[in-house]
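The values are calculated or read from the model by the stated rules, or taken from the named source; none is laboratory data. Everything numeric here is computed off the predicted structure, so don't read it as measured data. Here the Cβ positions follow ideal geometry from the backbone for every residue, glycine too, while neighbour counts run over all protein chains shown. To get the accessible areas, we keep the full protein, side chains included, count just its heavy atoms, and leave off ligands, DNA and RNA. Shrake-Rupley method; radii C 1.70, N 1.55, O 1.52, S 1.80 Å.
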Amino acid sequence: MKQNKIFIKAKKALLSNNFDKCITLADLLIIEEPENITYLMLRGEAYLHIEKYDLALIDFAKIVELDNINIVALINFGVSLIRTKRQADAKEILEYVLQLSPDNFDAHINLGNVYQTLRQPEKALKIALRAVELNPGSTLAYNNLATALGDLGYIEDSRQALITAYEIDPNSITAAINLAQVEEKIDNRREAIALYEKALEFKNITPSYTNLINYYLSYSYLYFGNLEKGWAHYDLGFGSLLPVGAVRSIRSFRQNKWNGEPIPKGQKLLIWREQGLGDEIDFSTCLFDLAAMDIDVILECESRLVDIFKRTFPKFEIRAELIGHDTYPFAADFDLHCAIGSLPGIFRKNIKDFKNQKPLFTPKEDLYKKFFSLLQTFKEKTLVGISWRGGMLTTTRNSNYSALTDWQVLLVDKRIQFVNLQYGDCESELVEAEDKFGIKILRWQDLDLKNDLESLIALISNLDYVVSVGTAVSSIAPATGTPTLLLTKKSWIMLGEDKRYPWFSEVTPLIANFDEHIAKKIPDAHRIITSAQEE
């Protein structure tokens, strides 16, 4: 009888959104009956509402263990797995749900999200279309359909699906966010900002969604050069609602974050890497400011950069990043921490704070001499390194990359000797260009352009120019002090600048219009190089 009264109170607490009270009461029930599915379900749902996904995961896993055909528990288990970044496990659970209940709408929605995260866009589209069939009046179904269409490059179709979602529910935070992101993709950035800012005023918005929207807004603010507001919002990029591809990092620390305040003597500051190699290198220009301060610094960087950074910052303790429960449970060798992408918010609050600095990378002398010797035969020509695409090709990223054969106007100039800087399997592309244009592009089969950064830096340091699309090469090259011509479209990383690349003065950005292919800027690169030859 007592248990029943507690259960009724707990249920009422859940329905009235008093989730903490519900959990407290559910705890009392579960102490008495630890395998009661009803009680575990009650507490698990409350945990989901307050975004304690790791605790919800435990409760729903227990229910599924007790009853492996409980559809509601299985779906909630899948949601908990998604929220704790275990998409592969969630996929297995949700596919099992659809075996049990083929027309379950919630399973379709959540499995669609998993497919999107796992970069299986065809599967995501198929299941999103089925979700719309099952519930054509659902904003959520149209949201998923829009995301799947966008991942396959059908941007206008994606936009129309989101407009439909937004019309169905004008107070849908998810629809507002997704529509804003599509507006960004088609260069309607002011409209995107308006959508984000309107969503922040929704009455049903939670703190997590507020942080999520402000984080997305950071890119728009930075795009327009509003650095102070942009960097402040950029520091919200660690939220639990962020998709895997957008979150800055999943790492967490028990130590406090450093925000630029004085650090007491005897305390150590950890600077840790995040995101891709190119961004890490750009942000690393702020390390010169840190090196000028009297601070005991541990720098965790990409493993390929450890020895390189040891030469640049000899006062820092430098090591490869340590991630994982086995290698880095709760490190006790530092007192404060700061992600490297948060340093600009401390040292680059204004565009005037970007100053010319000495090269970030210095080559090893023996490797520099090695490539000097290899290139000596071609010294009468202008030596130009080229990188025309990234290593990860998707429909979206392809619009910012090029084919090597697009470079004809540059490649046929006999006054230039081209050197391959494109990592990965590109031999067939090189041979095709050589045969088509009657040229020879230098490369060495034993040179690992992706993993041997020491040799890559030494090679680039011997070149006159590098021409590159927006890949790690476009950051590595100027970090050596080599003049770099960047084929790009305007993006947030340029911080509102049109004529210069703030992070490195050695970069000349050649910016294509939104509706132009970046290959349209190759003649500009050719003019810059040949003008220098004629001086």
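Accessible area per residue (1.4 Å probe, heavy atoms of protein chains only) ranks His517, His337, His49 as His49, His517, His337, with the largest value leading. Using the Stokes-Einstein relation with a Kirkwood hydrodynamic radius computed over Cα pairs, the translational diffusion coefficient of the stretch 11-59 at 4 °C and a viscosity of 1.567 mPa s comes to 125 µm²/s. Multiplying the residue separation of Glu65 and Leu15 by 0.36 nm and removing their Cα-Cα distance gives an extension gain of 15.4 nm.
Our summary gives the chain a relative contact order of 9 percent, counting only alpha carbon pairs under 8 angstrom and 6 or more residues apart. Between Ala532 and Asn4, the simple spin-label model (points 7 angstrom out along Cα→Cβ) gives 8.5 nm.
Rounded to the nearest whole Hz, the Karplus-based 3J(HN,Hα) values (6.51 cos²θ - 1.76 cosθ + 1.60, θ = phi - 60°) of the stretch 460-465 follow the sequence 4, 5, 8, 9, 7, 8, with x at glycine and proline.
Once both axes come from the Cα atoms, what is the angle between helix 71-83 and the longest principal axis of the chain, in degrees from 0 to 90, rounded to 10? Taking the Cα atoms of the chain, the angle to 71-83 is about 30 degrees. Tell me, rounded to the nearest percent, the portion of alpha carbon pairs in the stretch 1-129 spaced more than 22 Å apart. In whole percent, the share of Cα-Cα pairs in the stretch 1-129 beyond 22 Å is 39.
The equivalent ellipsoid that matches the C-alpha gyration tensor of the chain spans semi-axes of 48, 28, 22 angstrom, in descending order. With θ taken as phi - 60° and the Karplus curve 6.51 cos²θ - 1.76 cosθ + 1.60 applied, the whole-hertz 3J(HN,Hα) list for the stretch 480-490 is 8, x, 7, x, 10, 9, 9, 8, 7, 10, 4 Hz, x standing for glycine and proline.
For a paramagnetic label modelled on Leu98 (point 7 Å from Cα along Cα→Cβ), amide N atoms under 17 Å away are absent within the stretch 228-250. Scaling against 2.2 N^0.38 Å puts the C-alpha radius of gyration of the stretch 27-102 at 1.04.
Treating cross-link reach as a plain straight distance, find the lysines whose alpha-carbon is under 17 Å from the alpha-carbon of Lys440, omitting any fewer than eight places away in the same chain. Straight-line reach from Lys440, under 17 Å: Lys379, Lys381, Lys414. Under the combined filter of DSSP loop state and at most 11 neighbouring Cβ atoms within 10 Å, the stretch 173-259 retains these GluC sites (Glu not before Pro): Glu201. The angle between the Cα long axis of helix 522-534 and the main principal axis of the chain comes to about 30°, on a 0 to 90 degree scale.
Could you pull out the trypsin sites (Lys or Arg not before Pro) across the stretch 222-283 that fall in loop regions by DSSP (anything but H, G, I, E, B) with no more than 10 other Cβ atoms inside 10 Å? All intermediate terms of the calculation are to be shown ahead of the outcome.
Numbers: sites: Lys229, Arg248, Arg251, Arg254, Lys257, Lys265, Lys268, Arg273; in loops: Arg248, Arg251, Arg254, Lys265, Arg273.
Hits after loop and neighbour filter: Arg254, Lys265.
Where the convex hull is taken over the Cα atoms of the stretch 256-376, what is its projected area averaged over directions, in nm²? Please list the in-between numbers first.
Details: hull surface 37.7 nm².
Reported value for the Cα convex hull: 9.4 nm².
I need the Kirkwood Rh of the stretch 78-153: take the reciprocal of the average 1/r across all distinct C-alpha pairs and report it in angstrom. Intermediate results must be reported in sequence, preceding the final value.
Details: mean 1/r = 0.0835 Å⁻¹.
Answer for the stretch 78-153: a Kirkwood hydrodynamic radius of 12.0 Å.
Computed over the stretch 390-512, the Cα gyration tensor eigenvalues convert (square root of 5λ each) into semi-axes of 23, 17, 15 Å, ordered from largest to smallest. Using 7 Å Cα-to-Cβ label points, what is the Ser491/Phe372 separation (nm, one decimal)? Taking the simple label geometry, Ser491 and Phe372 are separated by 3.4 nm. Taking amide hydrogens as placed 1.01 Å from N in the peptide plane, the amide H of Lys489 sits under 5 Å from those of Ala512, each at least 5 positions away in sequence or on another chain. Using 1/(1 + (r/R0)^6) with R0 = 56 angstrom and r between the beta carbons of Glu197 and Asp435, what's the FRET efficiency to the nearest 0.05? Calculated value: 0.55. Its residues counted as N, the stretch 156-289 yields a C-alpha radius of gyration over 2.2 N^0.38 Å of 1.23. The angle separating the long axis of helix 2-15 from the principal Cα axis of greatest extent in the chain is about 50 degrees. Each 5 Å bin, from zero up to the one with the longest distance, holds this percent of the alpha carbon pairs of the stretch 160-213: 4, 24, 31, 25, 13, 2.
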